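Beneath this line is the structure, given in structure tokens, with notes to follow.
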Amino acid sequence: MTNQPNNDLKSRLLADFRNSEERMNGASKSALHQIRREALNRFDRLGFPTVKHEEWKYTNVNSLIKEVFEFNAPSAITLEDLAQLESSQLNGNVLYFVNGQYQPQLSKIVSPADQLSISTLSEAVKNTPDLLNRYFAKYADFQDNAFTALNTAFASEGVVIHVPAHTTVEAPTILRFISDARQMNVASQPRNLFIVDQNAEVKVAESFRTLGDQASFTNVVTEIVVAEDARMEYYKIQNESDMAYHIGTTQVYQQDRSHFYSATVTLDGGFIRNNLNIALDGSNCEAHMYGLYFPNGRQHIDNHTLVDHRKPNSHSNELYKGILEDRSTGVFNGKIFVRQDAQKTNAYQSCKNVVLSNDATMNTKPQLEIFADDVKCSHGTTTGKLNEEALFYLQSRGIPKTEAQSLLMFAFAEDVIKKIKIDPLREQLERRIQAKLAR
Amino acid sequence: MLTISNLQASIGSKEILKGINLEVKPGEVHAIMGPNGSGKSTLASVLAGREDYDVTGGSVLFEGKDLLEMAPENRAAEGIFLAFQYPVEIPGVSTTNFLKTAMNEIRKYRGLDPLDAVQFLKLMKEKMKLVNIDQSLLSRSLNEGFSGGEKKRNEIFQMAMLEPKLAILDETDSGLDIDALRIVAEGVNQLRSPERATIVVTHYQRLLDYIVPDYVHVLYKGRIVKSGPKELAFELEEKGYDWIKAEVETV
Ligand SMILES: Nc1ncnc2c1ncn2[C@@H]1O[C@H](COP(=O)(O)OP(=O)(O)O)[C@@H](O)[C@H]1O
Ligand SMILES: [Mg+2]
């Protein structure tokens, strides 16, 4: 074995896996477990990425892998603790996970079972093995991504949603993942799978929060299948602590005429890497990706997106916006593939950043790889300071400078936030943005 | 009301205003004319508090207070309004949206209670009629995709809402057709009162048919080189600026 600095966390994880395997008895022969073992071997081979890896050039996981975490630590969380988080009150399905463990006593499911089949991953393993065998780990590639491999190897809890064909689920669903880091460093690896069958429609949000100020590590993977004519809205909302590490991959697979709308909003978090990968494996699909990141202090927020146009006549549209304060860093890497078959593709990408401090850094990298000849693609990134002309204009009307600045920044952010169609969620985010701007 | 004494301003190493003297009393309308690049917009911007310019000398008193010491928002709260020559586009911020904030900030500065939504709306309706502007325009992103005329009308609408003591109009007439010009002028004239004053920066005499000035000043190369009654504007219209330039050069 090479003596890399990441051996600590890595070797602990490898040992954990082998220990848990010994306790599994017969279950270790299941198809699911074969995938886990394959993923673990892959993780072993890959190791944690270093900045030499092109995809991790600006996001150095060194300090993450030096930490010691308790995985799936027990937590005695109470309703009062939750109240502290001031979450939006949602009229819908709400599922709580604390340190990776499902909290049935805090959760509620309001949608009728014939509209929406929703269960934890551990329940789904028992109750719907066929569904899992068909979809689980079939989309989120663990051959090249060590964190996805790690998540797959340890996949034990998360949410499995299945929306049957021709069903519109009215109530939104929100999955609340909380790291309870009040007592110790904690880690969890949620694993989600959403299947939206033909001509079905659903809205799902994932929210990530932290309690306490010890370190936390969330390594989440979500796989999403949007079948023919289906429509999905997907929101990922992050309000984590400065001591929180978050690595996440959302892998979307779209079939003919499906529509996928997403917004990834990161207001706080110490060290964040989001991968959003969309495979448009159908024609006449639409994929819309919006993102907002607002780091301050020494926060680091990295968004990597990948849109893979595999079939003709589909449309992808992407707008990511960043506001960077203090000594924070941001990364946007947006890749668009247009394969040879994907004629008449329409792909649009834009990334706009406002850097409010001389010590903040934004790295942007659009990447277009186009192998078809009849396509419309455009991309653009801008990174600049606050518009001084606009600021003066508002001041000249009597609005104090700090408020004028907030007004401008809020309008800048609202461009993305207004895309969130779950009202209480959007309104809560608006309040949080206002509060962060007023700080 | 406004006393400008020997005002000098530069941008970088470039001297633009080279000693401006101007006295504006309540109730008066002053027109400032002059060729392009003379420093008219610079003067307007310095009065409103734009930070790009360095004031290198002189003073400006507004109702006895040192204007140059004040932040732009406080100048607005004291009653100064600048209608921009080139109004800024601000995506995502509508006129209605920011104007309510602006009005209430100004009211706060003056120790008044904020207007509630109903009062604000009522006032807006009234002023919209005055400048013949549409609600839909006011709900859109400020100046984004507005025509030249719409931008200028929006400036006058804001002026009507804020009811400044001293309004400075920087070429509000340029690019307007005669109907729009009339509306703009009406907006200004409605505001005329013995307590208020207006500085009209313009290129053309035609606006002054509608907003009749008490004084006309010619700004050239950063100085006021000639002042006179409203008839001076006719003379300038007829003869252009060359004779003034010639006069200045011979001195
Ligand atoms: N931001 C600026 N940077 C550099 N030069 C400027 C700037 N603003 C104005 N100037 C210069 O100052 C002079 C006066 O400009 P301005 O005040 O706009 O004149 P006017 O409004 O009379 O046409 C011009 O020579 C112009 O080029
Ligand atoms: Mg000018």
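Taking the average, over residues, of other Cβ atoms within 10 Å as the packing measure, peptides B:159-167, A:145-153, A:96-104 rank A:145-153, B:159-167, A:96-104 from highest down. Taking every alpha-carbon pair in the stretch B:2-250 and binning the separations at 5 Å intervals from zero gives 1, 6, 13, 17, 20, 17, 13, 8, 3, 1, 0, 0, 0 percent. Accessible surface comparison of A:223, A:430, probe 1.4 Å, protein chains only, largest first: the order is A:430, A:223. Cross-link pairs exceeding 22 Å in C-alpha to C-alpha distance, out of A:321/B:152; A:10/A:57; A:203/A:418; B:100/B:151; A:352/A:418, comprise A:321/B:152.
Carbon and sulfur: what percent of chain A's accessible surface (1.4 Å probe)?
Working: 7990 of 17380 Å².
Answer for chain A is 46 percent, counting heavy atoms of protein chains only.
Take the Cβ atoms of residue A:386 and residue B:247, set R0 to 45 Å, and the FRET efficiency comes out at 0.50. A full extension of the chain between residue A:369 and residue A:38 corresponds to an added length of 116.1 nm, given 0.36 nm per residue minus the alpha carbon distance.
Taking a cut-off of 38 Å, what percent of all Cα-Cα pairs in chain A are separated by more than that?
On the way: 18268 of 96141 pairs.
Value for chain A: 19 percent of Cα pairs lie more than 38 Å apart.
Over 24 Å apart at the Cα level, from the set A:138/A:311; A:421/B:129; A:421/B:125; A:385/B:165; B:65/B:127; B:108/B:165, are A:421/B:129; A:421/B:125; A:385/B:165; B:65/B:127. For the stretch B:2-250, what % of the accessible area comes from carbon and sulfur atoms, probe 1.4 Å? Taking all protein chains in place, the stretch B:2-250 shows 48 percent carbon and sulfur surface.
Which FRET efficiency, nearest 0.05, do residue B:116 and residue A:66 yield, Cβ-Cβ r, R0 51 Å?
Details: r = 56 Å, r/R0 = 1.10.
So, using R0 = 51 Å, E works out to roughly 0.35.
Rolling a 1.4 Å probe across all protein chains gives residue A:437 an accessible area of roughly 20 Å².
The A-B contact accounts for approximately 1900 Å² of buried accessible area, totalled over both chains at a 1.4 Å probe radius.
Rounded to the nearest 0.05, what FRET efficiency do residue A:86 and residue B:132 have when you use their Cβ-Cβ distance and R0 = 45 Å? Mind showing how you got there, number by number?
On the way: r = 46 Å, r/R0 = 1.02.
Rounded to the nearest 0.05, the efficiency is 0.45.
Close amide H contacts of residue A:348 (hydrogens built in the peptide plane, cut-off under 5 Å, sequence separation of 5 or more or a different chain): A:316, A:317, A:318, A:378.
For the protein assembly as shown, DSSP calls about 15 percent of its internal beta bridges antiparallel. Once backbone amide H atoms are built at 1.01 Å from N, residue A:265 has A:236, A:237, A:238, A:292 as its partners under 5 Å, excluding neighbours fewer than 5 places away on the same chain. Residues B:235, A:67, sorted by accessible area with the largest first, give B:235, A:67 [1.4 Å probe; ligands and nucleic acids excluded].
DSSP finds beta bridges in the stretch A:7-387, and of those with both partners inside it, around 5 percent are antiparallel. Ligands, DNA and RNA aside, residue A:168 has an accessible area near 60 Å² when probed at 1.4 Å. Shown for the stretch B:3-52: residues covered by the partner protein chains by 50 Å² or more of accessible area relative to the chain by itself (probe radius 1.4 Å), namely B:50. Rolling a 1.4 Å probe across all protein chains gives residue B:215 an accessible area of roughly 100 Å².
The values are calculated or read from the model by the stated rules, or taken from the named source; none is laboratory data. No experiment lies behind these values; they were computed from the predicted model shown. For neighbour counting, all protein chains shown are included, and Cβ atoms are generated from backbone atoms with ideal geometry for every residue, glycine included. Side chains included, ligands, DNA and RNA excluded: accessible areas come from the protein's heavy atoms. Shrake-Rupley method; radii C 1.70, N 1.55, O 1.52, S 1.80 Å.
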